[in-house]
1. Just rank CYS83, CYS16, fewest to most, by other beta-carbon atoms within 10 angstrom.
2. Arrange MET51, MET110, MET203 by Cβ neighbour counts within 10 Å, fewest through most, would you?
3. Pop the C-beta distance of ASP127 and GLU193 into the FRET formula with R0 = 45 Å and round what comes out to the nearest 0.05.
4. Hey, what D do you get for the stretch 68-148 in µm²/s if you plug the Kirkwood alpha-carbon radius into Stokes-Einstein at 10 °C and 1.306 mPa s?
5. For a footprinting-style exposure proxy, rank ASP182, ASP46, ASP127 by other Cβ within 10 Å, fewest first.
6. Sequence-distant or interchain residues sharing an amide H contact under 5 Å with ARG123, placed H: which?
7. Which are the unpartnered cysteines of the chain, meaning those with no other cysteine Cβ under 4.7 Å from their Cβ?
8. Give the calculated FRET efficiency between GLN56 and GLN155 to the nearest 0.05, with a Förster radius of 30 Å applied to their Cβ-Cβ distance.
Amino acid sequence: MRAELFYVHDPMCSWCWGFARVAKQLFNALPDNVSVHRLLGGLAKDNDQPMPLAQQKSIQGNWVRIEDTISGVKFNFDFWAVCQPRRSTYPACRAVIAARMQGDEYDEAMTFRIQQAYYEEARNPSDNGTLIELAVELGLDEQQFSRDLLAESCQQVLLNEVSLSRKLGADSFPSLILKSGDSVRPVTIDYLEASPMLVLIEMFLEMEE
């Protein structure tokens, strides 16, 4: 029986950055009958206002906890000094969709490039200018990307993915949801190794046979 593993994420979710290495290991080890479906969960809506200082401190605290929890994951804290933080991840989500419009392979590529820019290079993916720069660095058509990034159709795709994520029960990021037949089951995230998630997925599949 075919099954879908929904990966619900946001390119500006710090725990998604922490999960990236293990997620890739998991996806590469999945059985042949399980396909991965990436969904943008939309962590924070469009917002032009500077992020309150208390919220900045809270997110910086998350970065510290992730570094302490997951070996090898690092953050560039210069971001908080050189950029004007805003609690707005929808632009980055739309950038992933706009990139995808030029080829499905650019979904994952743009997500990773946004994460690199944000967490390693202290660049702000809440700004459309930064996102266009990243698209050019990936070799995307700049004019098409810029047009798609601002298109209402791109926003609608995002809203549809956010809605589907909620219907699947994904209320935090990252989330993994396995859909097999009529069954929809959450897969507990393990940030340190892929094998516990793989065992759980295989157990769920066996229950459907």
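All of the numbers you see were taken from the coordinates with simple rules; none came from a lab. Here the structure is a predicted model, which is why all the values come from computation and not from measurement. Every residue, glycine among them, receives a Cβ derived from its backbone with ideal geometry; neighbour counts consider all protein chains shown.
1. Numbers: CYS83 17, CYS16 21.
Going from least to most buried by this count: CYS83, CYS16.
2. In increasing order of surrounding Cβ atoms, one gets MET203, MET51, MET110.
3. Working: r = 35 Å, r/R0 = 0.79.
Once rounded, the FRET efficiency stands at 0.80.
4. Diffusion coefficient, whole number: 122 µm²/s.
5. Neighbour counts put them in this order, fewest first: ASP182, ASP46, ASP127.
6. Distant-sequence amide H within range of ARG123: TYR118.
7. CYS83, CYS93, CYS154 - these cysteines have no disulfide-compatible partner (Cβ-Cβ under 4.7 Å) in the chain.
8. 0.65
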